[in-house]
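Notes follow the structure.
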Amino acid sequence: MPNNNYDISNSVRDTIYRATIALDGQEWHDWLALCSEDYYYIITSFSPEINKDMIYMEGDLKEMTSIIDLLPKHNTDHSPLRRHTSVYTVDVAEDGKSASAVSSFVVYQNMLDGNNSHIDSGESRLFLVGKYIDDFVIENDQVKFLKREVKLDNRRLDKGSHWPI
């Protein structure tokens, strides 16, 4: 139960790491339970060729819920993705009602099959690198995601990239 900025900062870090665990376990609804009703999610990557951000996925809470509900119907590589997240900064507003955070992440893919299953299966590959730019709302002593921008360093996404990162 946060009651000062130090406690709120720790609650924000805890929320980011709980989101990482939920996403790693493909517990999509547990991840969305950490989000506010006004949640907005976007995946971007800067393209030097067009000198602007490209958008790979975006949606509000309702749209993300719909995407997640359709994930079992996708023909996808079921190789699990594992995230390593490091929270760099947490800034809490003076009134203690909102916060923002910057984290880095690395996503590894643990290959189940691959193009040559007899060679690739069991191998871990670097899948994505980037940063999470998060905004939070703090209400009734609960920290909830208000916005997450996933800023990728990668510009080419492989199969399985229709999952939230």
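The values are calculated or read from the model by the stated rules, or taken from the named source; none is laboratory data. Predicted, not measured: the structure shown is a model, and the values here were computed from it. Positions of Cβ are backbone-derived with ideal geometry, glycine not excepted, and every protein chain shown enters the neighbour counts. Keep in mind that these areas ignore ligands, DNA and RNA; they rest on the heavy atoms of the full protein, side chains included. Shrake-Rupley method; radii C 1.70, N 1.55, O 1.52, S 1.80 Å.
Descriptive notes on the structure:
- Carbon/sulfur fraction of accessible area - the chain, other protein chains in place, 1.4 Å, %: 47 percent
- Under 25 Å of direct C-alpha separation, and excluding same-chain neighbours fewer than eight residues apart, residue 52 reaches these lysines: 131, 147, 151, 159.
- Amide H partners (placed H, <5 Å) of residue 154, local residues excluded: 129
- Accessible surface, per residue, of the range 53-142 when the full set of protein chains is kept, probe 1.4 Å, Å²: 59 Å²
- Legend: Rg and Dmax of the chain, from Cα coordinates, 16.7, 57 Å.
- Couplings 3J(HN,Hα) of the range 39-49, computed from phi: 4, 9, 10, 8, 10, 10, 8, 7, 10, x, 5 Hz, in residue order, whole Hz [Karplus 6.51 cos²θ - 1.76 cosθ + 1.60, θ = phi - 60°; x for Gly and Pro].
- The range 70-127 shape via C-alpha gyration tensor axes, a/c threshold 1.5: oblate
- With helices as the sole contributors, the chain gives -7000 deg cm²/dmol at 222 nm; each DSSP H run of n ≥ 4 counts as -39500 (n - 2.57), and the sum is divided by every residue.
- Charge context of residue 41, other residues only, Cβ under 10 angstrom, K/R +1, D/E -1: -2
- Accessible surface, 1.4 Å probe, highest first, among residues 64, 57: 57, 64
- Against the chain, whose longest principal axis comes from its Cα atoms, helix 61-70 is set at around 30 degrees.
- Alpha carbon centroid spacing (whole Å) that separates the range 63-109 from the range 1-54: 5 Å
- Computed 3J(HN,Hα) for the range 85-90, one whole-Hz value per residue from the Karplus formula 6.51 cos²θ - 1.76 cosθ + 1.60 where θ = phi - 60°, is 10, 10, 7, 8, 9, 9, glycine and proline marked x.
- In this structure, the amide hydrogen of residue 40, modeled 1.01 Å from its nitrogen in the peptide plane, lies closer than 5 angstrom to those of 147, 148, counting only residues at least 5 positions away or on a different chain.
- Amide H partners (placed H, <5 Å) of residue 79, local residues excluded: 112
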